[in-house]
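The values are calculated or read from the model by the stated rules, or taken from the named source; none is laboratory data. Just so we're clear, the structure is a prediction, and the values are computed from it rather than from any experiment. Here the Cβ is made from the backbone with ideal geometry for all residues, glycine too, and neighbour counts use every protein chain on show. SASA here: full protein model, heavy atoms, side chains in, ligands and nucleic acids out. Shrake-Rupley method; radii C 1.70, N 1.55, O 1.52, S 1.80 Å.
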Amino acid sequence: MHQAKQKLLVAGFSALLALCVSACAPDTIGGSPKNAAAVDQNRLNAADKDHANWMSYGRTYSEQRFSPLKEISAANVGQLELAWYHELDTNRGQEATPLVIDGVLYTSTAWSKIVALNAMTGEELWAYDPKVPGAKAVHACCDVVNRGVAAWNGKIISATLDGRLIAIDAKTGKLVWSTNTLIDDTSPYTITGAPRVANGKVFIGNGGAELGVRGYVSAFDAETGKLAWRFFTVPGDPAKGPDNAASDEIFNKLARSTWFGEYWKYKTGGTVWDSIVYDPELNQLYIGVGNGSPWNHQIRSAGKGDNLFLGSIVALNPDTGAYIWHYQANPGETWDFGNNQQIMLATLPIKGKKQKVLMQAPKNGFYYVINRETGQLLSAEPYVAVNWAERIDLETGRPIEKPGARFLDGPFMASPSALGAHAWHPMSFNPGTGLVYIPTQEVPLVYSQPKEFDYIPGRWNTGVNFMAPPPGPGQPEDAAERMRLLRSKAKGHLLAWDPIKQKEVWRVQYDRPWNGGTLSTAGNLVFAGDQKGFFNAFSAETGQQLWRFQARSGIIAGPISYQVNGEQYIAVMSGHGGSVGMATPPRGRATIPPNGLILAFKIKGGAKLPDYQPVYAPPANPPSESFTKEQVALGEAKYQRFCAICHRGSIIPDLRRSGVLTNKEAWQGIVIGGNLTDRGMVSFKDNLSSVDAEAIRAYIADQAVKLKQQEEKSGVQSK
Ligand code: CA
């Protein structure tokens, strides 16, 4: 600690030395932190009392995201200013929650990169690029994001989009070990979630259920990367026999009999792409299990059966992976309602006694409180307007679904929908107010049965038609226009929720959905970013806005708080993207989003972002050639099947504005020839003929003409 101590003495802050135990500036030698990420089980177990640090994804094992720091409060938050910022190398989505350990901030960024910064100054200590192949982006349902890293015994452990788990030396930024977590490199698995670590084991799952994969969670030795155990969340092909995994026994006893038809052909889904929470009080591991693959229960399981463990929370033994209990929120899941959302642990007085509970606000719109010793559902109430179920029956734990919700006899406009009443964006709990602060949204989606289901390995395979007109009159004829209209109805809010009374206490209305995760502090503040790029502080009691800062790009990530040299900081990453971010076209004049930032704030921080001039998107670029109606119709069908899932917002290029739209050869070279594979646009030659590719150009050309007319009419013309 010598250098840091000298600096402090010179600066005349010797009184702070008494405080300066783990809260000091990073003791750096040649730019590398000494004793970096010195995190062990004792330290993680006592994280709640370690006010200065944020050592794991949700700060403590409870994942309450409550910082006991209170130097920044309602009284002085008006003086909160930028302390430093670090510009990232991409405008893709930034979803990570950084860690801060003994004055060093570690975080993952888009494309699974990792960076270590001096948490006091923002100075870069090291950066690590796992070099994820660009072509992997086409397997990422929801952008090339990463939600965070774990720290253990001098190592920063992170997972990559292409399925590796890697350990980096926290001092040097050099690779220590790397493990392929995938059971099958040819399937469209991705990892975007943060690993969790406990008792020398690292836990990680994966995503890919939109495209077709079989879900599982694995535990690896944190020192070596060696596999310790694996638990599959859904059964595989019965002809292949047992998996030789921790899940075999419960599949025989319980899960396999809940599946029908030839489910294994579609890989069944049930990915564990976000929430994995260790409970040190009960030595249990809770995993949030996602939706089915395909989404449509009719196709996946012949419309029969609960399909365990889709849409469930499962408690496992963290040492062996053995099943302990489960709660299934959506039996026979058919809307992409998974239970991957944040699992938060607490002890709350419920029904007259103190109970160890876990809480979750999953996509389906109900707030669940579950006894985590037994898995018994204690309460579940809607935290947004819900139209797919009447209520949750507390006796059976099952939802009472509304007629028509399964879209068997016609389209159903579900709200909430696949995009979730609450997605991965972290919520937080303030034990002082007793409230949970949830970034919520109401984003409707029209579900209907497809005319036919063409399962194509490695591509989107939901088995749901989203393009049918919703029930009711006055719908535009053009399907893309209907989709835009539907999106314009989407809402977002910050909700303060009483988990004991299961009641809303206050809400702040945002302009749009897909806003930032939340942080609660003992200063009685709630910090949350929003879609428009504001980073906001609200009163935890009333929701009154007390401060805000414009961060250029939209904020979706969860903020953190930490302390260095006795000063409290608030940090957050900006960078709009993720599923809804990719799907949300800009309003008003179209811009190219700026690169993301890591931002840190303190009282009278004194730093400023340089002036930023928005970069406008190029104008609509319809070619002068004409196409036949048949070409446009074929192009629309192919576009909706293969292209729309990525090319639908502002981050991935809007093809109506593409310079390539007027050049048939260049278009073919990209769509069929794979000329932009490194940037994530792979060749679709296995799925599309050159006639199809030209038809897609015809459809986009038709859309570009409409866009040009619109822009000329509204006067909001891109130059
Ligand atoms: Ca999903």
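The figures follow:
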read-out	value
Nitroxide proxy distance, nm - points 7 Å out along Cα→Cβ at Asp393 and Thr628	5.6
The range 134-195 versus the range 650-685: alpha-carbon centroid distance in Å	28
Ranked order, Thr258, Thr172 - accessible area, probe 1.4 Å, largest first	Thr172, Thr258
Per-pair calculated FRET efficiency, R0 = 45 Å: Gln475 and Lys70 via Cβ, rounded to 0.05	0.30
Accessible-area value, Met483, 1.4 Å probe, nucleic acids and ligands omitted, Å²	40
Rounded to the nearest 10 Å², the accessible area of Arg391 at probe 1.4 Å	130
Accessible surface of Tyr61 - all protein chains present, 1.4 Å probe, nearest 10 Å²	30
Packing rank of 592-601, 438-447, where each peptide gets the mean count of other beta carbons within 10 Å, highest leading	438-447, 592-601
Point-to-point label distance, Gln668-Gln41, nm (Cα→Cβ direction, 7 Å offset)	6.4
Reachable lysines, given that their alpha-carbon falls under 20 Å from the alpha-carbon of Lys226 and they are not under 8 places away in the same chain	Lys155, Lys174, Lys201
Directionally averaged projected area (convex hull, Cα atoms, the chain), nm²	30.2
Residues of the range 618-714: accessible area per residue with a 1.4 Å probe, Å²	50
Dimensions (Å) - the range 353-461, Cα atoms, principal axes, largest first	52, 30, 28
Sum of -39500 (n - 2.57) over DSSP H runs of 4+, divided by residues of the chain (222 nm, nearest 500)	-3000 deg cm²/dmol
The range 509-652 - Rg over Rh from alpha carbon coordinates, Kirkwood radius	1.12
Whole-percent carbon and sulfur share, accessible surface of the range 618-714, 1.4 Å	53
Prolate/oblate/rounded call for the range 385-434, Cα gyration tensor, a/c under 1.5 rounded	oblate
Stretchable slack from Arg641 to Lys706, in nm (0.36 nm times residue separation minus alpha-carbon distance)	21.3 nm
Separation in nanometres of the label points that stand 7 Å from Cα toward Cβ, at Asp319 and Lys351	3.1
Global geometry of the range 144-261, whether rounded, prolate or oblate, following the gyration tensor of its Cα atoms and the 1.5 cut on a/c	prolate
Accessible area of the range 503-585 belonging to carbon and sulfur atoms, whole % at 1.4 Å probe	43
Members of Lys489/Lys708; Lys489/Lys706; Lys253/Lys304; Lys131/Lys491 lying beyond 25 Å, as alpha-carbon distances in this model show	Lys131/Lys491
Karplus (6.51, -1.76, 1.60) ³J(HN,Hα), θ = phi - 60°, over the range 456-467, in Hz, Gly and Pro reported as x	10, x, x, 10, 4, 9, 7, x, 10, 8, 9, 9
Lys pairs, the range 601-704 - Cα-Cα below 26 angstrom, 8 or more residues apart or on other chains	6
Cα gyration tensor shape for the range 301-398, rounded if a/c is under 1.5, else prolate or oblate	oblate
Under 5 Å, built H, 5+ apart or other chain: amide partners of Asn675	Ile670
Mean-position separation - Cα centroids, the range 595-613 and the range 242-319, in angstrom	43
